[in-house]
Amino acid sequence: MSSPPGKRVIVVGAGIAGLAAGHTLSRQGFYFQEAETTSRALAQTVLAFGAHRSRTLAMAGGLGRLPTALAATLDVALATPAIALTVEPEAVTVVTNEARLVADHVVLATTASVANRLFPTADEVERNLLTTPYSANLNLALMTGPEFRLPTSLRAVYGLLVPRRERRQVAAIGIESNKCRDRATRGELFNVMLAGNSSRDLLASPEAEIVQTVLPEVERLLPGISAQIAAARIYRWPEAEPLSPVGRAKEVRRYRERIVAAPWPRVLLAGDYLSMPFTEGAAESGIWAAQTIIRAHARGYSRTKSEPASEQWTHRE
């Protein structure tokens, strides 16, 4: 990837956070969290979205087009997991099964658990974030035949949330064909998202058992669907969404303020646990990490223009 002139940056992680960080450098679920233990900052963000009547958009062809487009301008190495990270005064080394990669900076744009394993020298502020717990998620995708008809009340909405007092296993159902018709040219496509506890309990269960357990509740919400299912697929995410416990927003702010104030940060953390626990939050954290590196280089360049050669860049140490 391109980065500040003469410097090399490695981004570990090819998700939205990592690709957003790389793309910026190249140019220079609330559903699964319990309200009682969740930071007010997250709840207020979700409420503000509705209060301002913000619009949601669907990407034609699916959200997968976004990381594909971002990756098109970057040097992305897939199936090459980082296995170790060494931080030294003058460089950072990332070790994979195939090579040792040396850079001036590393953006760890992975889940908190992976970053925690790779970054054993993290300080207390970083460690508080790297131990962020995640909610598991099971997603049951159901495709129906053309005969199935949505209830009248659901023909103009893209999904529904199940109130907690009525919930058994299902937290929400996305009506994909209402988001974008190309998702299901014939029939309907539903994404059934299980609640955190149910997802965790059923995560290792066989597909047939999951469908058998969940379908009665789906039938109650979408009458007649059981007889019209043409295909079903299960998606499992052991770490689907980072939890946002009380005090998390303050910890993120403390970390960011410290990194921004550092003259030459070697390792920067990014991911949805460093922002709002959504796709947009992951992207924002990657962009923030990239911009922080760019600003650090801009400060360093300004310093070299005004200091004697013997004093230039001494702040990296």
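The values are calculated or read from the model by the stated rules, or taken from the named source; none is laboratory data. What you are looking at is a predicted structure, and each value in this text was computed from that prediction instead of being measured. Neighbour counts run over all protein chains shown; Cβ positions are idealised from the backbone, glycine included.
Looking at SER244, SER275, SER198, SER285, can you tell me which residue is at pLDDT below 90, closer than 29 Å to THR132 by Cα and hydroxyl-bearing (Ser, Thr, Tyr)?
SER244
Can you confirm whether segment 208-218 contains a residue that is under 15 Å from ALA141 (Cβ atoms), charged (D, E, K, R) and in contact with a helix residue (DSSP H, G or I) (Cβ under 9 Å, 6 or more places away or on another chain)?
No.
Out of the residues in segment 267-289 that are polar (S, T, N, Q) and in contact with a Leu (Cβ under 9 Å, 6 or more places away or on another chain), state the one that is nearest to GLU239 (Cα to Cα).
In this case the residue turns out to be THR279.
Looking at (1) among the hydrophobic types (A, V, I, L, M, F, W, C); (2) out of contact with any strand residue (DSSP E or B) (no Cβ under 6 Å at 6 or more places or on another chain); (3) under 25 Å from GLN44 (Cα atoms), which is the only condition ALA261 fails?
(3) is the only condition that ALA261 fails.
Just one of THR144, THR132, THR96, THR121 is of a type in the set (Ser, Thr, Tyr) and under 18 Å from LEU243 (Cβ atoms); which is it?
Among THR144, THR132, THR96, THR121, only THR132 is of a type in the set (Ser, Thr, Tyr) and under 18 Å from LEU243 (Cβ atoms).
Quick check on ALA41: is it at pLDDT 75 or above, surrounded by fewer than 19 Cβ atoms within 10 Å (Cβ to Cβ), touching a helix residue (DSSP H, G or I) at 6+ places or on another chain (Cβ under 9 Å) and part of a strand (DSSP E or B)?
No; evaluated as a whole, the condition is false for this residue.
Of the numbered conditions (1) closer than 19 Å to ARG168 by Cα; (2) exposed (fewer than 13 other Cβ atoms within 10 Å of the Cβ), GLY196 fails exactly one; give the number of that condition.
GLY196 satisfies every listed condition except (2).
Can you tell me which residues in segment 191-208 are over 22 Å from the mean Cα position of the chain (by Cα) and of a type in the set (A, V, I, L, M, F, W, C)?
Passing the criteria: LEU202, ALA204, ALA208.
Give me the pairs: first residue in segment 134-160 and within 15 Å of LYS179 (Cβ to Cβ), second residue among the basic types (Lys, Arg), beta-carbon distance under 6 Å, and six or more apart or on different chains, which are they?
Sorted first by the residue in segment 134-160, then by its partner, the pairs are ALA141/ARG233; TYR158/LYS179.
What residue, among those in segment 224-234 that are among the aliphatic types (A, V, I, L, M) and part of a helix (DSSP H, G or I), is farthest from ARG149 (Cα to Cα)?
Filtering segment 224-234 for residues that are among the aliphatic types (A, V, I, L, M) and part of a helix (DSSP H, G or I), the one farthest from ARG149 (Cα to Cα) comes out as ALA227.
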